[in-house]
Amino acid sequence: MRKPNFNDGDVYVKLRIAHDELDPIRITELMSHQPSKFFRKGDPNPSYKKHVPYGFGAWYLESKGSVNSKELNPHILWLLDKLEGRRSILRGLRAQEYRVDISVFWKAELFNTVLGLSVEAIEKLATFDIGLLYFDVYF
């Protein structure tokens, strides 16, 4: 599997919508945004040298390349702004057993550093029907 391609201090967030029967065109229409990446179940996974197909379909919207900050809050707020007006869509997808979550990717500059999330971002995040918030931290 490929290692993440980012530098010390880099941070970005990624919304994932996933389901075995995911149709990326339908999700793009529902979300009214072009995805950063998508694949269908069974598509080849380029992260592996041998042909290993994806075990599920997924649609991603990420802040990488759209937000120029090493702070988490601008990335989270950018993503939540993109999701504004789509709460009922996310709720409906989760009711249909789609996985809807957000991942935070962070490459710490130093061992003893912290990544903070503002009250504003936490309160706004709480208004969305997001399954989980993952933190993927690299040192």
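Key figures for this structure:
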quantity: Residue order, fewest to most beta carbons within 10 Å, for 111, 38; calculated: 111, 38
quantity: Share antiparallel - DSSP beta bridges, the chain, percent rounded to 5; calculated: 70
quantity: For residue 10, residues with placed amide H under 5 Å, excluding near neighbours; calculated: 107
quantity: Integer Hz, Karplus 6.51/-1.76/1.60 couplings in order for segment 133-139, x for Gly and Pro; calculated: 10, 9, 10, 10, 10, 10, 10
quantity: Listed residues 77, 110, 15, most fluctuating in the chain (Gaussian network, C-alpha, under 10 Å); calculated: 110
quantity: Distant-in-sequence amide H partners of residue 134 (H built 1.01 Å from N, under 5 Å); calculated: 102, 103, 104
quantity: Phi-based couplings in Hz for segment 98-106 (Karplus 6.51, -1.76, 1.60; Gly and Pro marked x); calculated: 6, 8, 10, 8, 10, 10, 10, 10, 9
quantity: Separation between Cα centres of segment 13-27 and segment 65-97, rounded to whole Å; calculated: 13
quantity: Too-long pairs where the Cα-Cα distance tops 26 Å, listed order kept, from 50/82; 14/41; 82/107; 50/107; 37/107; calculated: 50/82; 50/107
quantity: Amide hydrogen neighbours beyond the local backbone of residue 45, cut-off 5 Å, H modeled; calculated: 52, 54
quantity: Under the Karplus curve 6.51 cos²θ - 1.76 cosθ + 1.60, θ = phi - 60°, whole-Hz ³J(HN,Hα) for segment 10-15, x wherever Gly or Pro sits; calculated: 5, 9, 7, 10, 9, 7
quantity: Volume in Å³ per residue [convex hull over Cα atoms, computed for the chain]; calculated: 108
quantity: Cα-based shape type of segment 89-139, given that a ≥ b ≥ c are square roots of the gyration tensor eigenvalues and the cut on a/c is 1.5; calculated: oblate
quantity: Three-way shape label, segment 29-104, alpha-carbon gyration tensor, a/c 1.5; calculated: oblate
quantity: Contour minus Cα-Cα distance for residue 101 and residue 84 (0.36 nm per residue); calculated: 4.6 nm
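Every number here is computed from the coordinates shown, using simple stated rules; none is lab data. Please read all numbers here as calculations on a predicted model, not as lab measurements. Glycine gets a Cβ as well: all are built from the backbone with ideal geometry, and neighbour counts include every protein chain shown.
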